[in-house]
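Engineer: This structure is in structure tokens; I'll ask about it shortly.
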Amino acid sequence: MEFDAVLIAPRRAQSVAQGFWHDRTINDDLDACAASCPDKLALTTLAENGKTTRFTYRELATMADRVAVGLARLGVGRNDVVACQLPNWWQFTITYLACSRIGAVMNPLMHIFRERELSFMLKHGEAKVVIVPKLFRGFDYETMVTALQPGLPELKHLVVVDGTGANSFEALLSGPAWEKETDAQDILTKHRPGPDDVTQLIYTSGTTGEPKGVMHSANTLMSNTIPYAERMKLGSEDVILMASPMAHQTGFLYGLVMPIMLRASAVLLDIWEPKKAIGLILEEGVTFTMASTPFLTDLAKTVTETGIGVPTLRIFLCAGAPIPGPLVEQARAALGAKVVSAWGMTENGAVTLTRLDDADERSFSTDGCPLPGVEVKVVNVDGQALPVGDIGKLMLRACSNFGGYLKRQEWNATDADGWFDTGDLARMDEQGYIRITGRSKDVIIRGGENIPVVEIEALLYRHPAIAMAAIVAYPDERLGERACAVVVPKPGQSIDLPSIVEFLKSQKVALQYIPERLIVRDVMPATPSGKIQKFRLRDLLREDEA
């Protein structure tokens, strides 16, 4: 595979000089862990079948070497893509570490992807090997990918975790003692990637259409995890729980890369169940976790209902959607942990985070301030910086900015000065904290007035009968656009437009901002990471109009 990561080389000298790029890879960190703390618990995984698996750093490094040589035996070499569609199992972590040993590139794939997404991503990324579970949550992945193989000429091997045939992960990769073969050391050292080589190919979840293949190097990934860990005051004594999918940048960066970088311990959970999570936090002494708002809601609710506390948990970092104020208060009281809000993208990792010493109010009124090595600005349509408090396009320039979109350089959205157009709208306060107010494509301009979509959605989430809410535009001859609310009611609840109007009026919302149509649905169209796909909602509206 030829990678066109054109955004990396031009900023190398400056990023190294400023101390943001550290010129080390995950290989360096894993080797350091195996040398300095070989018997320390590195990884604990709890799988769907109830089985717990543990690795010390010595065992982790040995298994990474074993699987790396096994991959080489399958013909995987430098810059070959190994796709991995696994839940949060130890094989996921090992596969990335193994790829890094031999200069291969890992392509994490969400376990909920099916034929449509997979056929595009495996073909576009030219994956040579794909690793899947035999079964997860009752679904047969081997059968699905086998049916896709004839249309994927680059795909040479399908490897199946817990498979029963000769193509099982156990038979091909983790079973044989490949690391003891006479040529193993040569394989493991000859093609190790440099810090600017592409190490990860990860697809954006597609809220707007075709997924984009995001390319990252060790330098772009680590220039994010290092300041992130420093702001959260994380170190080698921390135990990090990751229940967010590892195939999502959240799970990958902060559940796989960061614990090894810190010489800390990681705990992986493959299916989110709050009672299981509480058990793991207590058994493993978990101190930190990161997940989206529903995880925080579930955990706080379950702790309150069961009376079983989580005293070791210091920090719950919440990203992916604004956190309602009442939830911060409830979670603070129930968990005793600091709730930190953050905003980021697959292309950059976490961009803004609140600080541990910030008032709790900051976590529900803002999405944090930039990490070291990150600059943000809010601009108008002409690219001019806007005054404090005004809503405009959010631009960022970051040491952790990606290397570009694979085979789609025209979409890189990064100018000659390194400013990346996030596609989001935001406002900034006097202290440099930002608040995401919507996607630029989600702007609703009603009679010349911009509707603050995210703020109205956040209010709808406070309605006692609403489980999920989104606001999208529909055309209007006189005003240009009007707003339509799409909601999923809570079980046993019903909702109508008059009750929504009354509720928003009680929240002192300007009349122009109140949605003028309502669509009630059983489910929302969403990406694998849970983001509502507004382009699908707009399609529904258009069909409704027709």
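Every residue, every condition in (1) touching a residue at least 24 places away in the same chain (Cβ under 8 Å); (2) not in a helix (DSSP H, G or I), yes or no:
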site	(1), (2)
LEU86	yes, yes
CYS99	yes, no
MET110	yes, yes
ARG116	no, no
VAL132	yes, yes
LEU148	yes, no
THR164	yes, yes
LEU188	yes, no
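Engineer: Return yes when VAL453 is touching a Gly at 6+ places or on another chain (Cβ under 7 Å), crowded, with 20+ Cβ neighbours inside 10 Å and within 19 Å of PRO324 (Cβ to Cβ) and no when it is not. Let's see the steps before the verdict.
Structural biologist: Values: touching a Gly at 6+ places or on another chain (Cβ under 7 Å): yes; crowded, with 20+ Cβ neighbours inside 10 Å: yes; within 19 Å of PRO324 (Cβ to Cβ): yes.
Against the criterion (touching a Gly at 6+ places or on another chain (Cβ under 7 Å), crowded, with 20+ Cβ neighbours inside 10 Å and within 19 Å of PRO324 (Cβ to Cβ)), VAL453 qualifies.
Engineer: Determine which single condition MET121 fails, assuming it passes every other condition in (1) out of contact with any helix residue (DSSP H, G or I) (no Cβ under 9 Å at 6 or more places or on another chain); (2) not in a helix (DSSP H, G or I).
Structural biologist: Condition not satisfied by MET121: (2).
Engineer: Let me ask you something else. Any chance the stretch 52-61 includes a residue that's of a type outside the set (A, V, I, L, M, F, W, C) and in a loop (DSSP other than H, G, I, E, B)? Explain how you work it out, then say what you get.
Structural biologist: Of the residues in the stretch 52-61, the ones of a type outside the set (A, V, I, L, M, F, W, C) are 52-54, 56-59.
Then drop every residue that is not in a loop (DSSP other than H, G, I, E, B), which leaves none.
Checked against the condition, which is being of a type outside the set (A, V, I, L, M, F, W, C) and in a loop (DSSP other than H, G, I, E, B), the stretch 52-61 yields no hits at all.
Engineer: May I pose another question? List the number of the failed condition for SER223; all other conditions in (1) out of contact with any Phe, Trp or Tyr (no Cβ under 7 Å at 6 or more places or on another chain); (2) not in a strand (DSSP E or B) hold.
Structural biologist: Going through the list (1) out of contact with any Phe, Trp or Tyr (no Cβ under 7 Å at 6 or more places or on another chain); (2) not in a strand (DSSP E or B), SER223 breaks only (1).
Engineer: For the stretch 289-307, name all the residues that are in contact with a Ser or Thr (Cβ under 8 Å, 6 or more places away or on another chain) and either modelled with pLDDT under 95 or farther than 22 Å from THR250 by Cα (or both).
Structural biologist: Initial filter on the stretch 289-307 (in contact with a Ser or Thr (Cβ under 8 Å, 6 or more places away or on another chain)): 290-292, 295.
Across the stretch 289-307, the qualifying residues are ALA291, SER292, PHE295.
Engineer: Residue by residue through the stretch 392-418, note down the ones that are buried (at least 19 other Cβ atoms within 10 Å of the Cβ) and part of a loop (DSSP other than H, G, I, E, B).
Structural biologist: Scanning the stretch 392-418 gives CYS399, SER400, ASN401, PHE402, GLY403, GLY404, LEU406, ASN412.
Engineer: Please verify whether the stretch 70-89 includes one or more residues that are of a type in the set (Gly, Ala, Ser), under 20 Å from TYR203 (Cβ atoms), touching a strand residue (DSSP E or B) at 6+ places or on another chain (Cβ under 7 Å) and buried (at least 24 other Cβ atoms within 10 Å of the Cβ).
Structural biologist: Pass one, the stretch 70-89, residues of a type in the set (Gly, Ala, Ser): 70, 72, 75, 77, 83.
Still in the running and under 20 Å from TYR203 (Cβ atoms): 83.
Checking the rest, the ones that are also touching a strand residue (DSSP E or B) at 6+ places or on another chain (Cβ under 7 Å) come to 83.
Adding the requirement that they be buried (at least 24 other Cβ atoms within 10 Å of the Cβ) leaves 83.
Within the stretch 70-89, one or more residues are of a type in the set (Gly, Ala, Ser), under 20 Å from TYR203 (Cβ atoms), touching a strand residue (DSSP E or B) at 6+ places or on another chain (Cβ under 7 Å) and buried (at least 24 other Cβ atoms within 10 Å of the Cβ).
Engineer: Open to solvent by less than 10 Å² (accessible area, probe 1.4 Å), at pLDDT 95 or above and among the small types (Gly, Ala, Ser) - does that describe any residue in the stretch 354-368?
Structural biologist: yes
Engineer: Still on this structure, I have one more. Exactly one condition in (1) free of Cβ contacts under 8 Å to residues at least 24 places away in the same chain; (2) open to solvent by 30 Å² or more (accessible area, probe 1.4 Å) is false for PRO525; which is it?
Structural biologist: Just one mismatch for PRO525, condition (2).
Engineer: Spot the failing condition for THR93; the list is (1) among the β-branched types (Val, Ile, Thr); (2) in contact (Cβ under 8 Å) with a residue 60 or more places away in the chain; (3) surrounded by fewer than 16 Cβ atoms within 10 Å (Cβ to Cβ), and only one is missed.
Structural biologist: Single failed check for THR93: (3).
Engineer: So how many residues does the stretch 48-59 have that are without any contact (Cβ under 8 Å) to a residue 40 or more places away in the chain and buried (at least 20 other Cβ atoms within 10 Å of the Cβ)?
Structural biologist: Of the residues in the stretch 48-59, the ones without any contact (Cβ under 8 Å) to a residue 40 or more places away in the chain are 49-56, 58-59.
Among the residues that remain, those that are also buried (at least 20 other Cβ atoms within 10 Å of the Cβ) are: 55.
Of the residues in that region, 1 qualify.
Engineer: For the stretch 1-47, which positions are of a type outside the set (Asp, Glu), open to solvent by 40 Å² or more (accessible area, probe 1.4 Å) and under 30 Å from VAL267 (Cα atoms)?
Structural biologist: Passing the criteria: PHE20, HIS22, ARG24, ALA35, SER36, LYS40, LEU41.
Engineer: (1) at pLDDT below 85; (2) open to solvent by less than 60 Å² (accessible area, probe 1.4 Å); (3) polar (S, T, N, Q); (4) more than 26 Å from the chain's Cα centre (by Cα): which one isn't true of GLN512, the others all being true?
Structural biologist: For GLN512, the failing item is (2).
Engineer: Here's another thing I want to ask about it. From the list THR312, THR225, which residue is in contact (Cβ under 8 Å) with a residue 60 or more places away in the chain and buried (at least 22 other Cβ atoms within 10 Å of the Cβ)? Don't jump to the end; show me each part of the working.
Structural biologist: Numbers: THR312 fails: buried (at least 22 other Cβ atoms within 10 Å of the Cβ).
Of THR312, THR225, the one residue that is in contact (Cβ under 8 Å) with a residue 60 or more places away in the chain and buried (at least 22 other Cβ atoms within 10 Å of the Cβ) is THR225.
Engineer: Test each condition in (1) open to solvent by 10 Å² or more (accessible area, probe 1.4 Å); (2) in contact with a helix residue (DSSP H, G or I) (Cβ under 6 Å, 6 or more places away or on another chain); (3) under 27 Å from THR45 (Cβ atoms) for ASN167 and report the one that comes out false.
Structural biologist: With (1) open to solvent by 10 Å² or more (accessible area, probe 1.4 Å); (2) in contact with a helix residue (DSSP H, G or I) (Cβ under 6 Å, 6 or more places away or on another chain); (3) under 27 Å from THR45 (Cβ atoms) applied to ASN167, the lone miss is (2).
Engineer: For GLY320, all conditions in the list (1) out of contact with any Leu (no Cβ under 9 Å at 6 or more places or on another chain); (2) more than 22 Å from MET468 (Cα to Cα); (3) in contact (Cβ under 8 Å) with a residue 40 or more places away in the chain hold save one; what is the number of the exception?
Structural biologist: If we test GLY320 against (1) out of contact with any Leu (no Cβ under 9 Å at 6 or more places or on another chain); (2) more than 22 Å from MET468 (Cα to Cα); (3) in contact (Cβ under 8 Å) with a residue 40 or more places away in the chain, just (2) comes out false.
The values are calculated or read from the model by the stated rules, or taken from the named source; none is laboratory data. For clarity, every value in this text was computed on a predicted model and none was experimentally measured. No Cβ is skipped: glycine too gets one built from the backbone with ideal geometry, and neighbour counts run over all protein chains shown. Quick note on the areas: whole protein, heavy atoms, side chains included, nothing else; ligands and nucleic acids left out. Shrake-Rupley method; radii C 1.70, N 1.55, O 1.52, S 1.80 Å.
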